[in-house]
Amino acid sequence: MQDRNKSKCKILVVDDEQVHRFMLTSLFAEWGWQSMEADDGVTAVAAVEEGPYDAILMDVRMTTMNGMEALKRIHAINPAIPVVIMTAFSSIDSAVAAMKEGAHDYLTKPLDFDKLKQTLEVAMGHRQKGEEGSVVGQPFGENERFIGNSEAMQHLWQLILQVAPTEATVLICGESGTGKELVASAIHHYSKRAKGPLVKVNCAALAENLLESELFGHERGAFTGADKRREGRFVQAQGGTLFLDEIGETSPAMQVKLLRVLQEHELERVGGQETLDVDARIITATNRNLEDEVAAGRFREDLYYRLNVVVLEVPPLRLRDGDIPVLVDFFIRRFAEKNSRQVRGITPEYMDILIRYPWPGNVRELENSIERGVILMRGEYLDVGELPLPIQRWAGLHPAGKEKKPATLKDAEKALILKTLKETGGNRSEAARRLQITRKTLLNKLKTYDIQ
């Protein structure tokens, strides 16, 4: 096992036979491990809700909530906890089924103590799932990788593979930080235009006059400072893909010009008369609800329908918490190598907070948190002290923190909504903007949580 202090290792023993639990907890004490007991699946699930464990050793057959059901509920709370199943020889089929549900391993009764110790040491030493079998698709682009075990991400990946070989215009929707640019890169990589350029433009980062020149190019003397002709991004993307991020931030005037390019496949440089043919596939992305923007008169309906040929929704991280252990492992490897740091693992308390935190900044916030932790870590294991202060305060770990850690993800989301409404003086539109959701979505959540 790794050199982490064994006295900190905590195992939950779940078995409805008291004698067997006593035997195991006594054995673990001899090995220098802490242990807690649960006599059925219900108690085990409640124990996991209260706090993290390095590993769980659980019987399959129990009178109240069997091991299979408990395994599903435990992994719904914290999929990073390794669960080792105990079973009789006559129930091997149940053990195999448990492995398919995500159990780390299974042992047959009567237990071989040497094998038991070895299995638990491996489980606790490798709490995080490896990338193999967890990464949807293959690496692509410049060291980019599409990661996710969750059903939502696997569904998204299948849609990417389905739409990529076509010439369809794609609109990628999702909250900030969910990975919309990564989706665009994947579409280009698996398209027939993969050998051509992938040109990316953030429409929100440039003023309107600069964005027009950036996209369409300009002639010499078209405006002050234009001392030579410049080709725009549409021309640079010829034969490839043009990705327009934050398309919902463009002005009505710019929307008219974009519509013409999409309809006519041609453009003129700013200050020019020459008409240029456009041969670039268009992929756009937005964190706004464009239907709401159209209804409010801020986005052209005809342009919306031009962009809305295929829509891909990127789910927020709070709806795919089963992917967090895989993402954490990937980011730790990346940043440990980049910064020449030795990271031997993470504590269960650290992972428990990562899974329970609502991640308003999504994958980007998680990535930044892991990078910070790897750079500032003082030992060989990432621990709660390396978490960013806002997350420590949310978890109630920092002296300045006044917020109590919510018991569930729903409690966390409700608390975040209440806090944002308080900060905005009850202005729902502003609260929705800060939460990076639509006003309609916010109203639905207020109804769900019975917030007046």
*asked:* Whole-Hz ³J(HN,Hα) for each residue in region 380-397, computed from phi via Karplus 6.51 cos²θ - 1.76 cosθ + 1.60 with θ = phi - 60°, x for glycine and proline: what do you get?
replied: 9, 10, 5, 10, 4, x, 8, 6, x, 4, x, 6, 4, 5, 4, 7, x, 9
_5 Å is the cut-off here: which amide hydrogens, built 1.01 Å from N in the peptide plane, fall below it relative to L312, excluding neighbours closer than 5 in sequence?_
L171, I172, C173
*Set the Förster distance to 30 Å, then compute FRET efficiency between K117 and Q342 from the Cβ-Cβ distance, nearest 0.05.*
0.70
*Send over a whole-number figure in Å² for the accessible area per residue of the chain, probe 1.4 Å.*
49
*Pairs to check: K100/K192; K419/K447; K10/K338; K100/K447; K200/K447. Give those whose C-alpha atoms are more than 27 Å from each other in this structure.*
K100/K192; K10/K338; K100/K447; K200/K447
*What percent of all Cα-Cα pairs in the chain falls in each 10 Å bin, counting up from 0?*
4, 18, 24, 22, 17, 9, 5, 2, 0
*V60 long-range amide H proximity, modeled H, under 5 Å*: M86
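Rounded to the nearest percent, how much of the accessible area of the chain (1.4 Å probe, protein heavy atoms only) is carbon and sulfur? Let's see the in-between values first.
On the way: 10530 of 22030 Å².
Answer for the chain: carbon and sulfur cover 48 percent of the accessible area.
The values are calculated or read from the model by the stated rules, or taken from the named source; none is laboratory data. Computed from a predicted structure; not experimentally measured. For neighbour counting, all protein chains shown are included, and Cβ atoms are generated from backbone atoms with ideal geometry for every residue, glycine included. Note: areas computed on protein heavy atoms with side chains; ligands, DNA, RNA excluded. Shrake-Rupley method; radii C 1.70, N 1.55, O 1.52, S 1.80 Å.
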